[in-house]
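The numbers here are math on the coordinates, done by the rules we state, and not lab data. Here the structure is a predicted model, which is why all the values come from computation and not from measurement. Quick reminder, even Gly has a Cβ in these numbers, built from the backbone with ideal geometry, and neighbours come from all protein chains shown.
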Amino acid sequence: MSNDQHIPHGPPAFKLAGFCVWVFGREFEAAEDYWDGNWLRVLAHCGAQGAEVRVSGPILHLSEIRRWLDKLLPLQKTLKGSAELSCLEPYLRGKLSIKGGRSTFMLGITPDHLTQRHKFKFEVDQSHLCAFIADLERVLVEYPLRGRRAGN
């Protein structure tokens, strides 16, 4: 995946702590099927205390955002448990956990999964969860899931 893209001037599509994602569109705009029609071209960036890692390309599938959002919604209500971002591509992994009133966000991000590993850990104010969920919902409104997964 590419790591040569500069940070865009506009606001990210979604942001949590030091993790930001900009969406540039679908990888295959004309595709209407579930697999090809739902890949997003993104720039994902994470930075904290002097470290910055970014990766770009068609690395995020809309179904992954939908699953993460579906796990975050009950977490927002109960303020306990965890919600994971699990991606098919090996460039991003995330987990938001709330336990005992403390929220922690762990992110794994790498532009080259064969030679690098980068992990970030953030303490997250629970008040930021509402805005983050709203951002994910906006992405899914702007880029609705296309097609149906086989077997559904």
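When only C-alpha pairs under 8 Å and at least 6 residues apart count, what is the relative contact order of the chain, in percent?
Answer for the chain is 23 percent.
Per the helix-only calculation at 222 nm, which mean residue ellipticity applies to the chain, given -39500 (n - 2.57) for every DSSP H run of n ≥ 4 and division by its residues, nearest 500 deg cm²/dmol?
-7500 deg cm²/dmol
Using Cα pairs closer than 8 Å and at least 6 residues apart in sequence, work out the relative contact order for region 3-71, in percent.
With pairs under 8 Å counted, the relative contact order is 26 percent.
Report, in debye and to the nearest 20, how large the dipole of the chain comes out about its Cα centre when Lys and Arg carry +1 and Asp and Glu carry -1 on their Cβ.
Magnitude of the dipole: close to 680 debye.
Going by amide H atoms built from the backbone, whose H comes under 5 Å of the H on V124, apart from near neighbours?
Under 5 Å from the amide H of V124 lie the amide H atoms of S103, T104, F105, each far enough along the sequence or on another chain.
If each residue of separation counts as 0.36 nm, what is the full-extension length gain between S127 and R102 once their alpha-carbon separation is subtracted?
7.8 nm
Can you work out the Karplus-derived ³J(HN,Hα) for every residue in region 125-137? Use 6.51 cos²θ - 1.76 cosθ + 1.60 with θ = phi - 60°, whole Hz, and x for glycine or proline.
5, 4, 5, 7, 5, 4, 5, 5, 4, 4, 5, 4, 4
With each pseudo-label sitting 7 Å past Cα toward Cβ, what's the S82-A134 distance in nm, one decimal?
2.9
Taking P(r) over Cα pairs in 5 Å bins from 0, in percent straight from the coordinates, which label in [x] 2, 9, 17, 19, 17, 15, 13, 7, 1, 0; [y] 2, 9, 19, 23, 21, 15, 8, 3, 0, 0; [z] 2, 8, 13, 16, 13, 10, 8, 7, 6, 5, 4, 3, 2, 1, 1, 0, 0, 0, 0 is the correct one?
[y]
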